[in-house]
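Structure first, then comments.
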Amino acid sequence: MIGVDIVEIDRIRQAVQNRRFFERVFTTGERAYFEQKKDAYESLAGFWCVKEAVAKALGSGVRFALTDIETAHDKSGRPIAVLHGKAKQLLGGRTVEISLSHTAQTAVAVAIVS
């Protein structure tokens with residue numbers, strides 16, 4: 001199954017000004033990654049898109065906490081999706097691959113569950 005999502009970076013920039021939203025949507029690791037970088041709103045927008053794209057690829061919609069889908073990085077720096085809780089249960093024994101990108105205005109992510 002395939003999922004895709006696109007979002008305007010300014011939408012995420014505005015949303016994360018609400019600390020409650022920031023903490024409810026993004027994992028501790030995602031928040032730490034954001035705080036290490038200067039003006040990394042494009043990264044947060046990409047993380048948001050990964051959450052939405054993976055949910056779509058799982059075929060479930062978002063029926064779990066958004067923090068159940070986390071964007072992390074492997075040793076080479078490649079983004080990977082790490083699933084927790086209910087999202088991990090829905091994944092079962094399958095694998096998930098992601099790709100994300102951004103421009104100055106938008107971020108996009110694709111997820112493939114196989």
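Quick note: the coordinates plus some simple rules give every number you see, no bench work behind them. Every value quoted in this text rests on a predicted model; they were computed, and no experiment measured them.
Worth pointing out:
- Across the chain, C-alpha contacts under 8 Å between residues 6 or more apart give a mean separation that, scaled by the residue count, equals a relative contact order of 37 percent.
- Extension gain from residue 82 to residue 35, taking 0.36 nm per residue of separation minus the Cα-Cα distance: 15.0 nm
- Å³ per residue enclosed by the Cα convex hull of the chain: 96 Å³
- Working note: Karplus 6.51/-1.76/1.60 with θ = phi - 60° gives the range 30-45 the couplings 5, 5, 5, 4, 4, 6, 6, 9, 8, 6, 9, 4, 5, 5, 4, 4 Hz, where Gly and Pro are set to x.
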